[in-house]
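Visitor: Below you'll find the structure I mean.
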Amino acid sequence: MTLGPRRRVAQAIAVGGGRVLAIGSSARLRPLAGRAAERVDCRGATVLPGLIDPHLHLFALAARRVNLDCAAAESVDELLALVARRAAEGPAGAWVRGEGVDEVRLGRLPAALELDAAAPGHPVRLRHRSRHASVLSSSALHLLGGGPGIERRDGMPTGLVSGREAQLGRLIGRLPSDALADGLAAAARELAALGLVTVADATPRSYRALRPLRSAIGAGRFRLRVFAMRPPGSRAWRAAQRLRPGAVKIMVEEGPHGLRPRPATLARLIARAAASGAQVAVHCVGAATLAAALAAFAALPSRLRAGRRHRLEHVAECPPPLIARIAALGLVVVTNPAFVHWRGDVYLGETAAPARAWLYRARTLLRAGIPLAGASDAPVVPPSPWVGIAAARARRTAAGATLGAAERLDAAAALRLFTTGAAFALDADGLGTLAPGGPADLVVVEPDPLRAPPDEVADARVRLTLVAGERVWPA
């Protein structure tokens, strides 16, 4: 399946020198291959363009291999036991770092005082599964100091801190370089095993901060293509090997006191980034952020919008009046269909019935002419694109409930989210299809995702993944 505009289905594909050489019938291609050519019999499996995830968090996936996995606990007591064990294994005074704490799974969040008791003498930071908040011990709160985002109950800090993740990261410091290198290599294997050949790191970083990733790529330990989003005010750097500069990412937090940054500041950030020639990506979860972002993009001169493929990330809530505004501004939506599966039951419990139709829209956006891509946002949820493709078709939650049936996509449109749609969002039109002269990025998978039912697609088995003709995942 080439997913290209011309020959869509073929029997055979020839690759060499990192490129697709020919696509056609077996009878036509067989004589073209010399005696030294390797022949791979896919035994009835389907060959597709390699999949693309245009929004995940690479360094967080790498850190997950090192930090405490909070998702392994089923209760607060179990989590506190894991914290105590990790504290006992480390040197005195060392930070205990955890990832993926989830109040829904645990029933509630642990309190700062409970973390103090579990890890005496150790500051503790357990990052929330959303990656926009953390639970801290009292000693960690003391090191952080005062400021916004600290939840209090009866005047006392509970331990939950929102909107201070960058500051916490600087306070705690980076992982040891060897641990981070191993984590990046493991993340690359995991992603390749899922059929992913290109990803975008959606945590905005300077070129200097990307050094561990550049080293991993240079050493051959990370062989996928990477687009790295950049912070506002940064300059685009020259692409090297398989690492390219991505969009300028602007984070927006919604809280009880409104948006951070304020809408006027957000508009200035978007205008400056667009004026520099950058593609702009705005973190849009709630409807208030979406409305503010649309107002900011609408204020841009048309020359700073036309053909620029500016992006709206997530668009978890999209009220009906905003759909036409997104389309009129020519913006790209990068949605997260797998959230319907992994978090849908929570949304059903928390969202009023009329607003459920607004959540992670897909079909209505496409019908309005809005370019649409799919992404995992891993490690917020697991990185499997196949779960995302299946969820885009079925719109079923993990418990089997339906969420937003009117937003269901057909099989071909769901697959395009993680191929041609994702390539469009990255402004990388040569990716996401198979065509002579194009990159030899492909995946061999069972079953055929255009014919199998969604439940089978979610469990798809990847047999082979090639990036630039190189085997990065041989099952």
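Visitor: Output the helices (runs of 4 or more DSSP H) that fall wholly within region 321-395 and possess 3 or more residues being surrounded by 23 or more Cβ atoms within 10 Å (Cβ to Cβ) and at pLDDT 95 or above, or say none.
Guide: Passing ranges, in order: 338-350, 385-394.
Visitor: Going residue by residue through region 201-220, is there one that turns out to be in a helix (DSSP H, G or I), in contact with a Phe, Trp or Tyr (Cβ under 7 Å, 6 or more places away or on another chain), surrounded by 14 or more Cβ atoms within 10 Å (Cβ to Cβ) and without any contact (Cβ under 8 Å) to a residue 40 or more places away in the chain?
Guide: Yes, region 201-220 has at least one match.
Visitor: Any idea which residue in region 221-230 is nearest to Thr465 (Cα to Cα), counting only those that are open to solvent by less than 40 Å² (accessible area, probe 1.4 Å) and assigned to a loop (DSSP other than H, G, I, E, B)?
Guide: Leu224
Visitor: For Ala412, all conditions in the list (1) touching a Ser or Thr at 6+ places or on another chain (Cβ under 6 Å); (2) assigned to a helix (DSSP H, G or I) hold save one; what is the number of the exception?
Guide: Failed condition: (1).
Visitor: Please go through region 85-115 and give me each residue that is of a type in the set (A, V, I, L, M), open to solvent by 40 Å² or more (accessible area, probe 1.4 Å) and part of a helix (DSSP H, G or I), ordered by number.
Guide: Once the filter is applied, which keeps residues that are of a type in the set (A, V, I, L, M), open to solvent by 40 Å² or more (accessible area, probe 1.4 Å) and part of a helix (DSSP H, G or I), region 85-115 yields Ala88, Val104, Leu113.
Visitor: In region 239-248, which residues are over 13 Å from Leu210 (Cα atoms) and free of Cβ contacts under 8 Å to residues at least 60 places away in the same chain?
Guide: Gln241, Val248
Visitor: Continuing with this model, one more query. Would you pick out the residues in region 23-63 that are of a type in the set (Asp, Glu) and open to solvent by less than 20 Å² (accessible area, probe 1.4 Å)?
Guide: The one that is of a type in the set (Asp, Glu) and open to solvent by less than 20 Å² (accessible area, probe 1.4 Å): Asp53.
Visitor: Could you run through region 402-426 and say how many residues are surrounded by fewer than 19 Cβ atoms within 10 Å (Cβ to Cβ) and small (Gly, Ala, Ser)?
Guide: 4
Visitor: Right, another one. Got at least one residue in region 428-438 being in contact with a Lys or Arg (Cβ under 7 Å, 6 or more places away or on another chain) and buried (at least 21 other Cβ atoms within 10 Å of the Cβ)?
Guide: no
Rundown of residues vs (1) in a loop (DSSP other than H, G, I, E, B); (2) touching a residue at least 24 places away in the same chain (Cβ under 8 Å); (3) under 17 Å from Ser162 (Cβ atoms), yes/no style:
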{"site": "Pro232", "(1), (2), (3)": "yes, yes, no"}
{"site": "Trp237", "(1), (2), (3)": "yes, yes, no"}
{"site": "Arg268", "(1), (2), (3)": "no, no, no"}
{"site": "Ala273", "(1), (2), (3)": "no, yes, no"}
{"site": "Gly277", "(1), (2), (3)": "yes, yes, no"}
{"site": "Thr289", "(1), (2), (3)": "no, yes, yes"}
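Visitor: In region 243-266, how many residues are in a loop (DSSP other than H, G, I, E, B) and open to solvent by 40 Å² or more (accessible area, probe 1.4 Å)?
Guide: Total meeting the criteria: 4.
The values are calculated or read from the model by the stated rules, or taken from the named source; none is laboratory data. Predicted model, so just to flag it, every value in this text is computed and none were measured. Using ideal geometry, Cβ is built from the backbone for each residue, glycine included, and neighbour counts are taken over all protein chains shown. To get the accessible areas, we keep the full protein, side chains included, count just its heavy atoms, and leave off ligands, DNA and RNA. Shrake-Rupley method; radii C 1.70, N 1.55, O 1.52, S 1.80 Å.
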